[in-house]
Amino acid sequence: MKKDNHNKRLWRRSFFRTGVFRVAFLVYGFAGLSLFWQVGCDRSQSNNTANSADGKLRAVATVGMVADLVRVIGGDAVDVEQICGSGVDPHLFMPTVDDVEKLMDAEVVFYCGLQLEGKMAGTLKDLAAEQPVFAITDGIDRDLLIGGDSDHADPHLWNDVSLWSQCVDSIRDQLSKLKPSHAAEFADRAAAYREELTALHEYGVEAMKTVPEASRLLITSHDAFSYFGRAYGLEVRGIQGISTESEAGLQQINALVDLLIERNVQAVFVESSVSSKNVEALIEGAASRDHQVAKGGTLYSDAMGSADSYEGTYIGMLDHNLTTTANALGGNATGFKNSRDE
């Protein structure tokens, strides 16, 4: 059996790496994998349902914000692997051969949805026909989304902690179905985490109240912070659109320079997963008109901080964004982590 599995893995890897498959995959997405499964790579039912050798549920998540929720709720009962790493833009990310294999070998896949994983959307949809695959935002009240229905809504809702916390129960329920012996543990961990997220949201609201009202303008590389602005009382402008695939035009940059001067804004923000060139162009444009603007700091928009860092957790990511923004705009925020340690 071990030899058969080893040969199957080698065959799959060889097939993935053929030029014909690479072209077909890029053009047709995951649809071509139907043939892949039919001609000899069907996994047995036991492979789909059995836990890993150490008894943990094998989960794969697309982005860090999703992966962190699954890790926190799953605890020691779930092994979570993340596809998009720190600093990776999920709007533009194309899965590699190894990424597709990880997705296929997972017992459950979690992703954000709302077209965040733009180039993986078709892959994930087709994969769902073969194994458990869940968009954790499916349970969010559609009336709370910015930008319309699911096909056109802004996907960056993790920037509103109160909204993102609604995904906790969905993950808890899916993990409980797949590993019912740990359902009580998942429920306890989810409840405790929601309490912590409530406290983080309340910290954010209070932190932004320390910013002078006239200075509550957040300008970033792309339009990823609309939920952030709505939740914490900021006017938000992005140089690019909701997706980083859109381009910033000279007219847009000039209009934002006008706004910086009109509002006497002193700081704009770069994003960890997006090129800073547009922000730098904005700063240069303001300087050419004798208005000095500084970089207020780097915000985490579509990806969290590096692994094993505080900012590499969802709470750390939002604490950083809330505290950095408030202080750069003239407020006085001490930090959620510091307030909890006191």
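Laid out as a table, the results:
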| read-out | value |
| --- | --- |
| Filter result for Tyr310 (touching a Leu at 6+ places or on another chain (Cβ under 9 Å), at pLDDT 90 or above and within 30 Å of Ala192 (Cα to Cα)) | no |
| Residue in the stretch 273-304 that is surrounded by the fewest Cβ atoms within 10 Å (Cβ to Cβ), counting only those that are in contact (Cβ under 8 Å) with a residue 60 or more places away in the chain and assigned to a loop (DSSP other than H, G, I, E, B) | Ala303 |
| Subset of the stretch 89-116 (residues that are over 29 Å from Glu195 (Cα atoms) and hydrophobic (A, V, I, L, M, F, W, C)) | Leu92, Phe93, Met94, Val97, Val100, Leu103, Met104, Ala106 |
| Evaluation of Ala307 against (1) surrounded by fewer than 23 Cβ atoms within 10 Å (Cβ to Cβ); (2) in a loop (DSSP other than H, G, I, E, B); (3) touching a helix residue (DSSP H, G or I) at 6+ places or on another chain (Cβ under 7 Å); (4) of a type outside the set (Lys, Arg) (one fails), failing number | (3) |
| Residues located in the stretch 91-129, provided they are of a type in the set (Gly, Ala, Ser), over 23 Å from Ser272 (Cβ atoms) and not in a helix (DSSP H, G or I) | Ala106, Ala128, Ala129 |
| Residue within the stretch 138-154 that is among the hydroxyl-bearing types (Ser, Thr, Tyr), free of Cβ contacts under 8 Å to residues at least 60 places away in the same chain, part of a loop (DSSP other than H, G, I, E, B) and out of contact with any strand residue (DSSP E or B) (no Cβ under 8 Å at 6 or more places or on another chain) present | yes |
| Close pairs from the stretch 61-76: first touching a residue at least 12 places away in the same chain (Cβ under 8 Å) and under 16 Å from Arg189 (Cα atoms), partner in a helix (DSSP H, G or I) and not aliphatic (A, V, I, L, M), Cβ under 6 Å, at least 6 apart | Asp68/Tyr314; Val72/Tyr193; Ile73/Arg172; Ile73/Phe186; Ile73/Arg189; Gly75/Arg189 |
| Which numbered condition Val270 misses (of (1) closer than 30 Å to Arg142 by Cα; (2) assigned to a helix (DSSP H, G or I); (3) modelled with pLDDT under 90; (4) of a type in the set (Val, Ile, Thr)) | (2) |
| Residue selected from the stretch 69-90 under the condition of a type in the set (A, V, I, L, M) and part of a helix (DSSP H, G or I), by the criterion surrounded by the most Cβ atoms within 10 Å (Cβ to Cβ) | Ile73 |
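The values are calculated or read from the model by the stated rules, or taken from the named source; none is laboratory data. Here the structure is a predicted model, which means the values were calculated and not measured. Counting neighbours? That spans all protein chains shown, and the Cβs are built from the backbone with ideal geometry, glycine included.
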